[in-house]
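Read through the structure below, which is laid out as structure tokens, and then see the notes.
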Amino acid sequence: MILEATKPGVDPAMEKEFNPWLAAEARFNEAATLLGLNDGFRKVLKSPAMEVTVHIPVELEDGRLEVFTGYRVQHSIARGPAKGGIRFAPDVTLDEIRALASWMTWKCAVVNIPFGGGKGGVICDPSVLSQNELERITRRYTASLMDVIGPERDVPAPDMNTNEQTMAWIMDTYSMHKRSTVTAVVTGKPLNLGGSRGRVEATGRGCLFVTLQALRKFHMDPAETKVVVQGFGNVGGKAAKLMHKAGMKIISVIEYDGAVYNPHGIDVAALEKHRQETGSITGFAEAEDMDRFEAMFLPCEVLVPAAKENVIHSKNAGKIDAKIICEGANGPTTAEADKILDEKGIFVIPDILANAGGVTVSYFEWVQDRMGYFWNEQMVNGRLEEIMVNSFKDVVDYGERHKVHNRAAAYMLALDRVAFAIKLRGIYA
Ligand code: GLU
């Protein structure tokens, strides 16, 4: 289920623009320069603390032996254990995992939770693998990382194509090796295995909270707000549902196989039901089918790119007709596109703030596991709202004070917090 960033066959010259590590570096450099960080600190903050590659032999259903490659990158552990998801996808690269790990460091710092940043990935195509094969890959990957992950070291979570079941397998494998049940080794677990209430919807709910803050800032009425959501999975699907519930009009939903459009608003629950029954959002009776690339350019108040990296780039950013962009995905906008959106005066809520609701409730889950005491959903959502609203305010105020756009402000705030932690800890020699 992969949304391509451009129409097939477009411009190989954009490869550099699409390299996530270069994109992360461009944002890092911009913020480091604005902060006046010295060379030494730049080097320390930029370099991942640890990168592990594992080759995992797995017996497939038909008896063949296959070897899969997996990564885990701990970008920083300066502010606490590394934290970040594990993705399964055929196009996973070390550069991508590195970039995503660094984004987790900045994200955790923006919302001020006591974690560093990490990310993992396995190169595999989950759409052609059975549940048994996925379980074997997950367990062997976990076993290979026994000395890397742990509640005090590095705490994985779901990401693209991994879910509660994947986390349950990781928790079980880790616990079998440790000879006792260690629920806090991963977050995003099923509720009855130490998961947190509200975790599944947390990223989408976080998107809702920051979008409501942006609407408030511009004196816009949610009932008059047209929203286009790209991606109808764990982030986009939940964000669409919650924004619809909050009175906004979801005029278009875009997926990898097409888009649907209704200028009067789509009933998100009905669309979800339609997809469950037919396997696709297209062909939905209460909306028109639409070209999935064109739908990105529909005039709207809020665009929520919640699918994958690089969907807003130098070739299409100029055509975006939204007032606010709420980045539900990690890295949906390229560094080149940042400038175009800025010139157009679009208010971007950057990924490291907009989608931080997921890792924030992961933090709550980790805390609950370690306390052995579980909170009700109201408490989880209330605490999430408080963190998202405060972080939005921190970023926007910081940007206004230093006259920089929101993404630069979020990075500056984050870099400053991580640099300060390193300074306090000192460099161990
Ligand atoms: N994969 C999610 C992210 O990119 C969640 C990470 C976590 O909860 O640790 O933010």
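The values are calculated or read from the model by the stated rules, or taken from the named source; none is laboratory data. Values in this document were obtained by computation on a predicted structure and should not be read as measured data. Methodologically, a virtual Cβ is constructed for each residue, glycine included, from the backbone with ideal geometry; neighbour enumeration extends over all protein chains shown. Ligands, DNA and RNA are stripped out before the accessible areas are found, and what is left, the full protein with its side chains, is counted by its heavy atoms. Shrake-Rupley method; radii C 1.70, N 1.55, O 1.52, S 1.80 Å.
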Quick one: accessible area per residue over the chain, 1.4 Å probe, rounded to a whole number of Å²? 42 Å²
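Output the pairs from K249/K339; K245/K344; K249/K323; K107/K423; K16/K238 with a Cα-Cα distance over 22 Å in this structure; if there are none, say none.
On the way: K249/K339 28 Å; K245/K344 30 Å; K249/K323 15 Å; K107/K423 19 Å; K16/K238 32 Å.
Correct reply: K249/K339; K245/K344; K16/K238.
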Given the peptides 19-25, 412-418, arrange them by the average over their residues of other C-beta atoms within 10 Å, most packed first. 412-418, 19-25
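Could you rank the peptides 138-149, 339-350 by their average count of other C-beta atoms within 10 Å per residue, with the highest value first?
Details: 138-149: 19.4, 339-350: 17.9.
Ranking the peptides 138-149, 339-350 by packing returns 138-149, 339-350.
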Could you work out how far apart the two model spin labels at E288 and T69 are, taking each label as a point 7 Å from the Cα in the direction of the beta carbon, and quote it in nm? 4.6 nm
Mind listing the long-range amide H neighbours of V182? Cut-off is under 5 Å, sequence gap 5 or more, other chains count too, H placed in the peptide plane at 1.01 Å from N. S175
So, with a 1.4 angstrom probe, what is the percent of accessible area on the stretch 95-226 that is carbon and sulfur? 47 percent
Students often forget the sequence filter, so: which aspartates and glutamates lie under 12 Å Cα-Cα from K241 once same-chain residues fewer than 8 apart are removed? E201, D267, E272
Mind checking the stretch 78-161 for GluC sites (Glu not before Pro) that DSSP puts in a loop (not H, G, I, E or B) and that have at most 12 other Cβ atoms within 10 Å? E152
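Select from the stretch 352-428 those chymotrypsin sites (Phe, Trp or Tyr not before Pro) which occupy a DSSP coil region and have at most 10 other Cβ atoms within 10 Å, ordered by residue number. Please report the intermediate quantities before stating the final value.
On the way: sites: Y363, F364, W366, Y373, F374, W375, F392, Y398, Y411, F420, Y428; in loops: Y373, F374, W375, Y428.
Those that pass, being in a loop and sparsely packed, are Y373, Y428.
Expected output is a single nm value to one decimal: the length gained when fully extending between F420 and E385, i.e. 0.36 nm times separation in residues minus the C-alpha distance. What is it? Intermediate results must be reported in sequence, preceding the final value.
Working: separation 35, 0.36 × 35 = 12.60 nm, distance 2.61 nm.
Length gained between F420 and E385: 10.0 nm.
Check each of the trypsin sites (Lys or Arg not before Pro) in the stretch 176-283 and keep only those in coil by DSSP with at most 10 other C-beta atoms within 10 angstrom; list them in order. Please report the intermediate quantities before stating the final value.
Details: sites: K178, R179, R197, R199, R205, R216, K217, K226, K238, K241, K245, K249, K273, R275; in loops: R179, R197, R199.
When the trypsin sites (Lys or Arg not before Pro) of the stretch 176-283 are filtered for loop state and at most 10 Cβ neighbours within 10 Å, R179 remain.
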Under a crude label model (7 Å from the Cα following the beta-carbon direction), how far is D62 from A26 in nanometres? 4.2 nm
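What is the percent carbon and sulfur in the accessible area of the stretch 238-389, measuring with a 1.4 Å probe over the protein chains and ignoring ligands?
Values: 2850 of 5850 Å².
The C+S portion of the solvent-accessible surface of the stretch 238-389 is 49 percent.
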Mind jotting down the three principal axis lengths of the stretch 183-273 based on Cα atoms? Whole angstrom, largest first. 45, 34, 18
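Kindly work out what percent of the DSSP beta bridges joining two residues of the chain are antiparallel, to the nearest 5. Spell out each step's value before the answer.
On the way: 24 of 49 bridges.
The antiparallel proportion sits near 50 percent.
Probe radius 1.4 Å, ligands and nucleic acids left out: which of T166, T278 has the largest accessible area, and how do the rest follow?
Putting T166, T278 in descending order of accessible area: T278, T166.
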Assuming 1.567 mPa s and 4 °C, estimate D for the chain with Stokes-Einstein, Rh taken as the Kirkwood radius over Cα pairs, in µm²/s. 60 µm²/s
